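Notes for the one structure printed next.
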Amino acid sequence: MASQAMVEQFVVGIVRGTHGITGEFKVESTSGVYEHFADMDEVTLSDGTVSKVYSVEYTKDAGITLYMKLAGIDTPEEAAKLNKWQIIVPREKAHKLQKDEWYFEDLKGCSLWHKEKSCIVGTVTNVLEGGSGYLVEIKLSECCNNQQKQVFVPFNKEFIGEVDIQQKQIQLMHLWILE
């Protein structure tokens, strides 16, 4: 399968309320890691319909909370208008991946294949947080099932084998999990 263009912009955080009187706001990191925010000089904020680019004046790590100050946001009232907006940055400013880590956006669109069946059994449409880990939402292909249906597979080594982001393929370890 030919490699598709990789996503180049990532949601790395969510605005979670104001802090102080200068327009600072609290940031929730979508990766759970905060160190990479210190390297950001520009971010895009989006509410899903409107996007705005801002220069980052500074970030302040206060232990369990990260605060961010953007140029042009100078009051608590202005910062409050951005509550729940997503913080989006280019791939190179996102959290650096470790071994066996992938960006959710890169997993979407990957083909799910099973070695013994020798065919594509579905396509990843989403990755969701479940109670004890992550779930990959799969749209089943016709070779696996005559009905076009969605199933969820736990994203762990018991069910998911090799992940090849470059080829957009993920190995399914057991067919029975699709039933």
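The values are calculated or read from the model by the stated rules, or taken from the named source; none is laboratory data. Fair warning: this is a prediction, and the values are worked out from it, not measured in the lab. Don't worry about glycine lacking a Cβ; one is built from the backbone with ideal geometry, like all the others, and counts go over all protein chains shown. Please note that ligands, DNA and RNA were not included when accessible areas were found on the heavy atoms of the full protein model with its side chains. Shrake-Rupley method; radii C 1.70, N 1.55, O 1.52, S 1.80 Å.
Among the residues making up the stretch 79-101, a single one is open to solvent by 70 Å² or more (accessible area, probe 1.4 Å) and of a type in the set (A, V, I, L, M, F, W, C): LEU97. Checked against the criteria, TYR67 counts as closer than 30 Å to THR22 by Cα, open to solvent by less than 50 Å² (accessible area, probe 1.4 Å) and in contact with a strand residue (DSSP E or B) (Cβ under 7 Å, 6 or more places away or on another chain).
Taken residue by residue, the stretch 119-133 has at least one member that is of a type in the set (A, V, I, L, M) and closer than 30 Å to LYS26 by Cα. A search for C-beta distances below 7 Å between a residue of the stretch 86-106 that is within 21 Å of VAL124 (Cβ to Cβ) and any residue that is in a loop (DSSP other than H, G, I, E, B) and open to solvent by 70 Å² or more (accessible area, probe 1.4 Å), counting only pairs 6+ apart in sequence or on different chains, returns ARG91/GLU8. Selection of the stretch 143-176 for residues being over 22 Å from the mean Cα position of the chain (by Cα), within 13 Å of TRP113 (Cα to Cα) and either modelled with pLDDT of 90 or more or surrounded by fewer than 18 Cβ atoms within 10 Å (Cβ to Cβ) (or both) yields CYS143, MET173, HIS174, LEU175. So the check is Cβ under 6 Å with 6+ separation or different chains; which pairs have a first residue in the stretch 15-27 that's of a type in the set (A, V, I, L, M) and a second one that's open to solvent by 50 Å² or more (accessible area, probe 1.4 Å) and not in a strand (DSSP E or B)? Close Cβ pairs (under 6 Å, with a partner that is open to solvent by 50 Å² or more (accessible area, probe 1.4 Å) and not in a strand (DSSP E or B)) amount to VAL15/ASN83. When VAL136, VAL127, VAL151 are screened for being among the β-branched types (Val, Ile, Thr) and closer than 30 Å to ALA38 by Cα, only VAL127 passes.
In summary, strands (runs of 3 or more DSSP E) completely within the stretch 85-136 and bearing 1 or more residues that are among the β-branched types (Val, Ile, Thr) occur at 86-90, 119-130. Looking at THR49, is it in contact (Cβ under 8 Å) with a residue 40 or more places away in the chain, more than 21 Å from VAL33 (Cα to Cα) and of a type in the set (S, T, N, Q)? Here the answer is no, as THR49 does not meet what is asked.
Only one of the numbered conditions (1) farther than 20 Å from PHE104 by Cβ; (2) β-branched (Val, Ile, Thr); (3) open to solvent by 20 Å² or more (accessible area, probe 1.4 Å) is not met by THR30, and that is (1).
Restricting the stretch 103-125 to residues that are among the acidic types (Asp, Glu) and open to solvent by 30 Å² or more (accessible area, probe 1.4 Å) leaves a set whose member that is nearest to the chain's Cα centre (by Cα) is GLU105.
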